[in-house]
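Take a look at the structure set out below.
The values are calculated or read from the model by the stated rules, or taken from the named source; none is laboratory data. Predicted model only: the values in this text are computed from it and were never measured. Neighbour counts are summed over all protein chains in view; Cβ atoms, including those assigned to glycine, are modelled from backbone coordinates with ideal geometry.
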Amino acid sequence: MIRIVNIGMNHETAPVELRECLAKDPDHADKALAMMREFSCIKEGFFLSTCNRVEALFTSEQAEEAKSSVVSLLCSLGEMPSETLGSSLFTYEDRDAVRHIFRVASSLDSMVIGEPQILGQIKEAYSNATKEKTTGVILNRLLHRAFHTAKRVRTETGISDAAVSVSYAAVELAKKIFYDFKGKKVLLIGAGEMAELAARHLLSQGVSAVTVANRTFQKAVEVAREFKGIPVSFEEIGAQLLEADIVISSTAAPGYVITHGQVKGSMKKRRNRPLFFIDIAVPRDVEPAVNDLENVYVYDIDDLKGIVQVNIGQRQEEAVKAERIVEEEVIRFERWLKTLEVVPTIVSLKEKAEAIRRAELKKSLSSLGELSAPQLESLETLTLSITEKILNDPILFLKQKADRPLGRTYLDTARRLFCLDRENGDEVEHGSEQDDRESEEKH
Amino acid sequence: MALLLYAFALILILLATAAFIVYLVRQQKSTYHWAYRLLLTGFAFLTLFVGYEYYALGVAPVLTLKSSLSFFAWTILLVYLLFHLKFRLMVLGSFVAPVAACLLILSSTLPTAEVTVKPIFRSLWLPVHIGTAFVGNGFFAVTFVAGIMYLIQESQIKKKRLGSLYARLPSLETLDSINHFALICGFTFMTAGMITGSIYAQYALGSYWRWDPKEVCSLLAWVFYAVLLHERLAVGWRGRRAALLSLFGFLVLVLAFAGANLWLSDYHSFKNMGGRPGG
């Protein structure tokens, strides 16, 4: 019987040093696919390698043999002994393997739940595998169902809705204050990774200009160059408050850089246009009382972290819904897989009937003497429809019962009833999926 | 016939309201599309109903409280649909549809009154006066609704308690610009309504202004809105303050409409128009 197996490691099972060894070379995935194709025990193969996970997904008739081959493949890719690797690997089979790949695609198995990159990475890996022609009926279907599941999870749950990083949370907030960022100006005070990241997000969302203020003007010039912005000196902040809509502050100053009085004065001149302060600095740069002013909103680092915390909690709640969707899809896939089990039996049933029909027709034709073309034709139609009609009900029955608990029993009974295994031997079991390697191996 | 049209409109608008509320909770686009279609069909039936009444009565159907409430619901929906074309703001429907539905329910609970149409109502000035005044009211109803939405959203952001409505409501800037736009339109129509009203009064009653309670209330509301608009344009009042004031302004307007019509009024009262409002 064909099995679906998944062997790999992710951020939970393996330390980063190990994952690095396997993921460092971008050609690894192609190499792995090529090697998987060489193994005769593996029918279909798929290889995924990202910075957080390395996984081989394959189908095989001889699961045990295939598993050890894949482990040795991983060892040779990472150039390390199997003892080191063995404890860091997970292995999933059949239903668990299906569930696992669905969860990975839906970003439920990611370090940051709901992050969107993983789906793209799987799609890329899949297009690689199709290019190398290592996937077949089962894995093609499996991966398409994985994409479908991921899409359902994304649209039916809020798993990737809320921001889970401080800089994104700030941008999301800005979106709820301003309708769109076109024509809006950002004032960046000081420098720092988080502040610059927030400014970059805002720029990519359409903010029209960035002004950079710094205690040392030289530094302001450097930072401004990155954003194609305008550098200004620290003393100009007051004047800039009239222009800016979003102020990101991240200085090392011990006191407040922006005071209540200063903002209050500028609001009148701004004709009350809303002003949003993102205060990432510790100690804070913006006096908390500034938030009491009308049309002014101040969020400090703790506020933003609080939002992120809530959002992470929300994602986890949404993940529960997502798991339910995954479970549904797993069941659906299994049902399809079971109908696949019926296919070989149906094919051999039809082949057998056809063989009998031909043999009997040949015998009869020799005793019937000369027949006209229309007569021959009607004889052909007669025999064909007899065999078809006799087989019709059993075939329908087998298809219907494919995903029922007794499906396999019915299948066995049918094979014995029609003596399908005696004549055609093992070959029948592999059915309609023609695989050159497979037949070479058998004969 | 009229009853049937009205019943259809009421049922469709109630269904649309329910769908809009489901949309607010579940945030599914398909629900929204259903709600919008239901509302559009309901609006069409209501339009037919109002048109039919107009035709049957021969004058604008605003002589009883019952029919003017449904006419008011119609103008609110009309203004909402116009806003929809401009702003494409899906969540606005979840707030506007209930208001229209409430007015319709209120209207349907009132008994039908016999109307005797006095000759002074058979004038083209009546529909012009009523039409502009009611469309103005419709716009002010939108400022009211947008004001409520603004205050909810603003307090969530200000107090840093981002509740479940936070994600569902649009940005502050959007709500403020809806408020602003509706205020300008509402004010324009209201002014037109008052001017045409006084011309009509001169034509029908012989004087432009008669210190009728409704006129006084409307004038108060008009002055109030004029101040708000001026502050907005000249000083740059916006946000919370403007939202609060538009709530207040609308309440004055409702008082002018309901209060003056029912208890205080002189010739603007439904009693004196020939209809008996609910006995």
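Restrict the check to region B:200-210 and report whether at least one residue is crowded, with 19+ Cβ neighbours inside 10 Å and either free of Cβ contacts under 8 Å to residues at least 24 places away in the same chain or within 14 Å of chain A (Cβ to nearest Cβ) (or both). Yes: region B:200-210 contains one or more residues that are crowded, with 19+ Cβ neighbours inside 10 Å and either free of Cβ contacts under 8 Å to residues at least 24 places away in the same chain or within 14 Å of chain A (Cβ to nearest Cβ) (or both). Taking into account only those residues within region B:227-243 that are crowded, with 20+ Cβ neighbours inside 10 Å and without any contact (Cβ under 8 Å) to a residue 60 or more places away in the chain, which is farthest from the other protein chains (Cβ to nearest Cβ)? Of everything passing the filter in region B:227-243, B:Leu228 is farthest from the other protein chains (Cβ to nearest Cβ).
Suppose the filter is closer than 29 Å to B:Arg161 by Cβ and either among the aromatic types (Phe, Trp, Tyr) or within 14 Å of chain B (Cβ to nearest Cβ) (or both); does A:Lys185 pass it? So A:Lys185 does not fit the description; no.
Look at (1) under 30 Å from A:Asp161 (Cα atoms); (2) surrounded by fewer than 20 Cβ atoms within 10 Å (Cβ to Cβ) and you find that B:Ala16 fails only one, number (2). Looking only at residues in region B:206-222 that are in contact with a Gly (Cβ under 9 Å, 6 or more places away or on another chain) and charged (D, E, K, R), the one that is modelled with the lowest pLDDT is B:Lys214.
If only one of A:Glu323, A:Glu329, A:Glu318, A:Glu334 is farther than 30 Å from A:Val137 by Cβ and either away from chain B (no Cβ under 14 Å) or in contact with a Ser or Thr (Cβ under 7 Å, 6 or more places away or on another chain) (or both), which one is it?
Numbers: A:Glu323 fails: farther than 30 Å from A:Val137 by Cβ; A:Glu329 fails: farther than 30 Å from A:Val137 by Cβ; A:Glu334 fails: farther than 30 Å from A:Val137 by Cβ.
The unique qualifying residue is A:Glu318.
Rundown of residues vs (1) within 11 Å of chain A (Cβ to nearest Cβ); (2) surrounded by fewer than 22 Cβ atoms within 10 Å (Cβ to Cβ); (3) under 16 Å from the mean Cα position of the chain (by Cα), yes/no style:
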{"position": "B:Trp125", "(1), (2), (3)": "no, yes, no"}
{"position": "B:Phe134", "(1), (2), (3)": "no, no, yes"}
{"position": "B:Phe139", "(1), (2), (3)": "no, no, yes"}
{"position": "B:Gln156", "(1), (2), (3)": "yes, yes, no"}
{"position": "B:Leu172", "(1), (2), (3)": "yes, no, no"}
{"position": "B:Ser177", "(1), (2), (3)": "yes, yes, no"}
{"position": "B:Phe181", "(1), (2), (3)": "no, yes, yes"}
{"position": "B:Thr188", "(1), (2), (3)": "no, yes, yes"}
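For the structure I just gave you, tell me whether A:Ser385 is polar (S, T, N, Q) and modelled with pLDDT of 90 or more. Against the criterion (polar (S, T, N, Q) and modelled with pLDDT of 90 or more), A:Ser385 qualifies.
For region A:158-173, which residues satisfy the criterion of being assigned to a helix (DSSP H, G or I) and either facing chain B (nearest Cβ under 9 Å) or not hydrophobic (A, V, I, L, M, F, W, C) (or both)? A:Ser167, A:Tyr168, A:Glu172, A:Leu173 - these are the residues of region A:158-173 that are assigned to a helix (DSSP H, G or I) and either facing chain B (nearest Cβ under 9 Å) or not hydrophobic (A, V, I, L, M, F, W, C) (or both).
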